[in-house]
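A.B. asks: Just passing along the structure, written as structure tokens.
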Amino acid sequence: MAMALRAASRVLLRAGSRLGRREAVDGARRFANKRVLVETEGAAGATRIAVMKFRNPPVNSLSLDFLTEFVISLEKLENDKSIRGVILTSDSLKRGNQTKVAATEKTEEKRATRDHGGRLQERPGIFSAGLDLLEMYGRNPAHYAEYWKAVQELWLRLYLSSLTLMSAINGASPAGGCLLAITCDYRIMADNPKYTIGLNESLLGIVAPFWLKDNYVNTIGHRAAERALQLGTLFPPAEALKVGVVDEVVPEDQVHSKTLSVMAKWLAIPDHSRQLTKTMMRKATADNLIKQREADIQNFASFISRDSIQKSLHMYLEKLKHKKG
Ligand SMILES: CCCCC/C=C\CCCC/C=C/C(=O)SCCNC(=O)CCNC(=O)[C@H](O)C(C)(C)COP(=O)(O)OP(=O)(O)OC[C@H]1O[C@@H](n2cnc3c(N)ncnc32)[C@H](O)[C@@H]1OP(=O)(O)O
């Protein structure tokens, strides 16, 4: 009997490490993949909400692995009938004792900031740096196609999610970071002028895909989107609020509590009517991509493979590497 139990627990442990860890913490539950930590709040049997924390050091870029783990986590939450709301946020906190590893060191691990124990750390004040530039630079067309499919998948899942999604934007949120935020039903941003949000693709010499442009237009209106997309505008919080990229700006230490209180108001609305309304507002935009997904993948792979685009990305990466401050 004891042996059978030990064998069963070994199987469960193995399954646990495959599927992500799940543990009980102060009555709350949490599960974690390597790059996404999910904490649920609320009593068993009652409506619960989940907080999805990004932790993909150094800057929460949307690498292929991160996108995959994100979609798996979201799917788990969609399948959990007790969860009605999800908050997207960054796990990046202001931490002391950090050392930036020399820029000459090339591997992903070495690019990250580490603490004095050598552990990888998020750089503070970053919601997400957007799509991972290293997934779009110096790879082959098959990789670009695989990557783009994963980007589309995440956008579709978020944009059409039946859950109430909110983003608690606790850091910089350029391009793909802004994409994550504008798929949500509500956005609250920390009032820190160092943090900016927007679709800055044109500054990199690349172009936001039509479905992201549509999402932006649906969020801030056609004229504002037209201007912001061409200029690649990254809005500081006050301007982001004015143009409508975010719905509220609050002091940094209140972002989480404010998001929870707004979430409570949204969850007071009956799910069926809110979900049908959301679908009515969003379906046409999502269908536009769904009906031409493959063509969009091919477009991306051939666009990003062009020498001129690779050159622009190279220059942008070099600029990032050598920037001061
Ligand atoms: C017509 C057909 C159209 C088809 C479609 C075609 C194209 C589609 C394009 C798709 C849309 C693209 C969307 C995107 O998301 S592109 C990515 C845009 N992101 C950015 O521009 C952000 C760049 N990063 C920054 O501005 C800053 O890093 C920061 C996020 C503000 C953080 O600043 P700081 O704390 O000072 O950190 P560092 O700049 O020192 O960065 C730390 C290391 O991280 C590397 N890094 C930064 N961002 C990225 C990224 N997005 N991907 C990969 N790596 C990134 C950075 O290089 C540093 O590396 P190092 O330590 O080696 O120097």
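A.B. asks: Can you give me the long-range amide H partners of VAL86? Hydrogens built in the peptide plane at 1.01 Å from N, cutoff under 5 Å, separation of 5 or more residues or another chain.
C.D. replies: Here ALA50, THR164, LEU165, MET166 satisfy the definition.
A.B. asks: Same structure again: Whole-Hz Karplus ³J(HN,Hα) for segment 236-241, in order, using 6.51 cos²θ - 1.76 cosθ + 1.60 and θ = phi - 60°, x for Gly and Pro?
C.D. replies: Result, rounded to whole Hz: x, x, 4, 6, 4, 5.
Coordinate-derived values only; no laboratory data. Note that the structure is a prediction, hence the values are computed from the model and not measured.
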